[in-house]
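Right, one structure below, let's go through it.
Bear in mind that the values in this text are calculations on the coordinates, not laboratory data. The shown structure was predicted, so the numbers you read here are calculated from the model rather than taken from an experiment. FYI the Cβ positions are ideal-geometry reconstructions off the backbone, even for glycines, and counts take in every protein chain you see.
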């Protein structure tokens with residue numbers, strides 16, 4: 001007959017096995033988290049190509065946008081809109097980036113932000129793209145990552161439409177503008193942050209043909225390459241980028 005201590009010993013053994021499994025899972029999670037942190041640091045420091053740590057558009061999102069683009073009505077033929085398509089793509093992206101970052105800072109801004117996005121309808125209609133939209137997610141500590149995923153998934157299919165109607169560089173300008181807009185909001189609030197969407201700025205900026213020195217101040221201290229502006233050094237950088245796009249395209 002089993003001794004009374006046997007069941008207790010068995011329960012203790014199962015408890016130890018359970019704890020061992022839990023600790024192993026926890027250790028694996030912490031190791032993964034540390035690895036991802038290191039990858040982010042490497043990417044922002046140019047040790048690894050920035051493309052490595054950026055998400056890629058899912059197959060479902062790609063196929064969805066292909067269908068959306070096929071169903072878009074033809075844009076109204078307007079030589080002025082076509083001529084300014086480069087600048088408009090950049091500005092539309094900037095609206096999306098500043099709008100989403102503003103909601104990260106204060107969700108009560110949603111009404112005002114959505115009002116601004118609605119005012120862009122004549123532009124998106126003229127360009128032949130879907131209306132602008134913002135990510136439908138809750139504010140969280142992972143807001144920057146979620147915004148990057150939103151840009152790559154291209155949920156409203158604005159980038160896909162710009163690529164279809166014009167060129168891949170137009171789509172990249174839109175995403176670059178979104179990254180600049182998002183980063184500019186955070187850099188104003190916390191100037192010491194020097195790694196706000198740094199990989200995105202590099203990848204989209206390069207794809208759009210923007211020289212790195214034009215936006216480099218957003219990756220460091222704005223005063224390093226901005227036109228002196230004691231009231232808003234970040235706006236100086238944005239104005240510099242805007243001026244370059246208007247003159248170079």
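A simple spin-label model places pseudo-atoms 7 Å from Cα toward Cβ; at residue 114 and residue 246 they are separated by 3.2 nm. Among 193-200, 205-212, 94-101, sorting by the average number of other beta carbon atoms lying within 10 angstrom of each residue, highest first, gives 94-101, 193-200, 205-212. Exposure proxy ranking for 165, 188, based on other Cβ atoms within 10 angstrom of each Cβ and starting from the fewest, stands as 188, 165.
Summarised as an ellipsoid, region 51-248 has semi-axes of 25, 19, 16 Å, derived from the eigenvalues of the Cα gyration tensor scaled by 5 and square-rooted, with the largest first.
Counting other Cβ atoms within 10 Å as a rough exposure proxy, the listed residues 245, 123, 189 run 189, 123, 245 from fewest neighbours to most. By the beta-carbon count within 10 Å of each Cβ, the least crowded to most crowded order of 242, 232, 78, 154, fewest first, is 78, 232, 242, 154. When only Cα pairs below 8 angstrom with a gap of at least 6 residues are kept, region 51-248 shows a relative contact order of 25 percent. Taking every C-alpha pair closer than 8 Å and separated by at least 6 residues, the mean separation divided by the residue count of region 67-140 gives a relative contact order of 43 percent.
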